[in-house]
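The values are calculated or read from the model by the stated rules, or taken from the named source; none is laboratory data. Only a predicted model underlies this, so the values are computations on that prediction, with no experimental measurement involved. Here Cβ is always computed from backbone atoms with ideal geometry, including for glycine, and neighbour counts include all displayed protein chains.
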Amino acid sequence: MEKGYYKDNKGMIWQEAPNDKAWIWRYDGNPLFDIENDEYFWHICNSAVVMFNGEYVGLFRCEDKRGIPDLYLGKSKDGANWTLETEPVAFYNPDGTRFTYPYAYDPRLIKLEDTYYTVFCADIEGPSIYIAKTKDFKHFEKVPTGFLPFNRNGVLFPEKINGQYVMLSRPSDDGNTPFGNIYISYSNDMEYWGNHKLLMKNWLNECYWERLKIGAGPTPIKTDEGWLLIYHGVQRTCNSWTYSFGVALLDLEDPSKVLHRGSRYLLTPEKDYERIGFTDNVCFPTAALVDDEGHVSIYYGVADTNMAIACTTVDKLLEFVKKFDNK
Ligand code: BMA
């Protein structure tokens with residue numbers, strides 16, 4: 001791995017594997033929030049986390065006790081114990097006026113050059129993808145952007161590729177969306193997006209864990225062998241939809257090329273906190289911290305109720321995606 005690429009995350013939260021065979025293992029402090037006793041929030045899930053000046057900051061999808069989802073800033077010294085603000089983040093348009101929306105959810109956080117971007121879903125005329133930027137996690141300015149409704153699960157690459165910004169997204173409907181594939185789009189300025197291409201279609205070779213739909217998870221992880229893309233896959237069962245996650249490897253110079261894609265899920269709801277909640281059986285990855293030693297800690301929402309962490313390594317993910325290649 002390019003030395004120093006993940007230097008911001010030195011000393012990040014991570015735990016050793018319980019045995020040599022595990023591809024991924026859960027953090028022993030899961031789930032992260034004492035949600036039953038929370039004074040302000042009903043649920044805290046599907047949230048984004050980065051390291052900033054040696055500490056952790058996050059944008060959390062919280063539903064207040066009226067049930068309204070919005071994005072709230074959180075801070076942590078260890079990545080597991082968080083203090084959240086009790087008022088949602090205020091986003092500003094470039095002209096200084098407030099950017100408002102009825103509700104927002106499922107943020108991602110991406111450091112690109114010296115700026116942090118959040119890509120999130122807000123429901124204005126149906127769900128669509130919005131981008132805002134900050135350098136200090138105090139002032140968030142909306143980037144004028146051109147994604148059309150209906151779309152969700154926008155994820156920006158952490159660097160320009162061949163001089164262009166690159167975004168993954170998942171065109172959808174304005175409900176729960178019983179379909180969905182991952183598309184890739186390009187932009188010179190982050191405002192005008194084009195050259196949209198289908199990147200990955202659901203249910204490749206009849207792998208049932210991703211039969212109904214798929215969507216990009218955390219910001220892609222840069223490795224010597226390509227971009228590791230962790231993505232969620234949904235299967236319809238008799239009484240619910242089950243959200244698992246898996247991994248694919250995209251070409252470094254041309255991320256519209258899928259080099260490998262795992263046929264198996266990497267993690268699926270098995271623990272009570274993943275199986276039982278506001279929406280049962282949901283593991284929804286939204287952030288991944290990586291350090292220069294190749295440790296990976298994936299933050300994922302559980303059962304639309306709480307947050308959890310799963311640990312692995314870059315080497316394990318590369319081995320997994322090649323060993324169980326679905327192509
Ligand atoms: C998706 C999104 C996520 C949610 C998931 C499971 O469509 O709305 O926010 O976690 O469904 O309910």
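Below, the figures for the structure above:
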{"item": "Residue that is surrounded by the fewest Cβ atoms within 10 Å (Cβ to Cβ) [pool: residues in segment 180-197 that are part of a loop (DSSP other than H, G, I, E, B) and touching a Ser or Thr at 6+ places or on another chain (Cβ under 8 Å)]", "result": "GLU191"}
{"item": "In segment 71-108, residue surrounded by the fewest Cβ atoms within 10 Å (Cβ to Cβ) [restricted to those that are within 16 Å of the ligand (Cβ to nearest atom) and in a strand (DSSP E or B)]", "result": "TYR103"}
{"item": "TRP209 away from the ligand (no atom under 16 Å from the Cβ) and under 16 Å from ALA248 (Cα atoms)", "result": "no"}
{"item": "Test: residue in segment 317-327 that is of a type in the set (Asp, Glu), away from the ligand (no atom under 16 Å from the Cβ), at negative phi and in contact with a strand residue (DSSP E or B) (Cβ under 6 Å, 6 or more places away or on another chain)", "result": "yes"}
{"item": "Where a residue in segment 232-247 is touching a residue at least 24 places away in the same chain (Cβ under 8 Å) and under 24 Å from VAL296 (Cα atoms) and its partner, wherever it lies, is more than 12 Å from the ligand (Cβ to nearest atom) and of a type in the set (D, E, K, R), with Cβ under 6 Å and at least six apart", "result": "GLY233/GLU210"}
{"item": "Only listed residue being more than 24 Å from ASN93 (Cα to Cα) and in contact with a strand residue (DSSP E or B) (Cβ under 6 Å, 6 or more places away or on another chain), chosen from ILE161, ILE214", "result": "ILE214"}
{"item": "Residue within segment 162-177 that is touching a residue at least 24 places away in the same chain (Cβ under 8 Å), closer than 23 Å to PHE324 by Cα, surrounded by 16 or more Cβ atoms within 10 Å (Cβ to Cβ) and not small (Gly, Ala, Ser) present", "result": "no"}
{"item": "Subset of segment 1-60 that is more than 28 Å from ALA122 (Cβ to Cβ) and part of a strand (DSSP E or B) - its residue that is nearest to the ligand (Cβ to nearest atom)", "result": "ARG26"}
{"item": "Any hit, segment 125-144, residues being part of a loop (DSSP other than H, G, I, E, B), surrounded by fewer than 18 Cβ atoms within 10 Å (Cβ to Cβ), at pLDDT below 95 and within 16 Å of the ligand (Cβ to nearest atom)", "result": "yes"}
{"item": "Every residue from segment 222-258 that is among the basic types (Lys, Arg) and either crowded, with 17+ Cβ neighbours inside 10 Å or away from the ligand (no atom under 13 Å from the Cβ) (or both)", "result": "LYS222, LYS257"}
{"item": "Some residue of segment 222-237 being touching a strand residue (DSSP E or B) at 6+ places or on another chain (Cβ under 7 Å) and in a loop (DSSP other than H, G, I, E, B)", "result": "yes"}
{"item": "Selection from segment 145-159 of residues that are small (Gly, Ala, Ser) and within 16 Å of the ligand (Cβ to nearest atom)", "result": "GLY154"}
{"item": "Residue within segment 278-288 that is in contact with a Phe, Trp or Tyr (Cβ under 6 Å, 6 or more places away or on another chain), touching a residue at least 24 places away in the same chain (Cβ under 8 Å), surrounded by fewer than 23 Cβ atoms within 10 Å (Cβ to Cβ) and not aliphatic (A, V, I, L, M) present", "result": "no"}
{"item": "Residues satisfying the stated conditions in segment 259-302, i.e. part of a loop (DSSP other than H, G, I, E, B) and either modelled with pLDDT under 95 or within 16 Å of the ligand (Cβ to nearest atom) (or both)", "result": "TYR265, THR268, PRO269, ILE276, GLY277, PHE278, THR279, ASP280, ASN281"}
{"item": "Residues of segment 198-221 satisfying the condition of being of a type in the set (D, E, K, R), in contact with a Phe, Trp or Tyr (Cβ under 9 Å, 6 or more places away or on another chain) and surrounded by fewer than 20 Cβ atoms within 10 Å (Cβ to Cβ)", "result": "ARG211"}
{"item": "Filter result (polar (S, T, N, Q) and within 11 Å of the ligand (Cβ to nearest atom)) within segment 161-187", "result": "SER172, ASN176, THR177"}
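Condition check ((1) in contact (Cβ under 8 Å) with a residue 12 or more places away in the chain; (2) of a type in the set (D, E, K, R); (3) under 23 Å from GLY215 (Cα atoms)) across all residues:
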{"residue": "GLU87", "(1), (2), (3)": "yes, yes, no"}
{"residue": "ALA90", "(1), (2), (3)": "yes, no, no"}
{"residue": "ALA104", "(1), (2), (3)": "yes, no, yes"}
{"residue": "ASP114", "(1), (2), (3)": "yes, yes, no"}
{"residue": "ALA122", "(1), (2), (3)": "yes, no, yes"}
{"residue": "PRO127", "(1), (2), (3)": "yes, no, yes"}
{"residue": "PHE147", "(1), (2), (3)": "yes, no, yes"}
{"residue": "PHE179", "(1), (2), (3)": "yes, no, yes"}
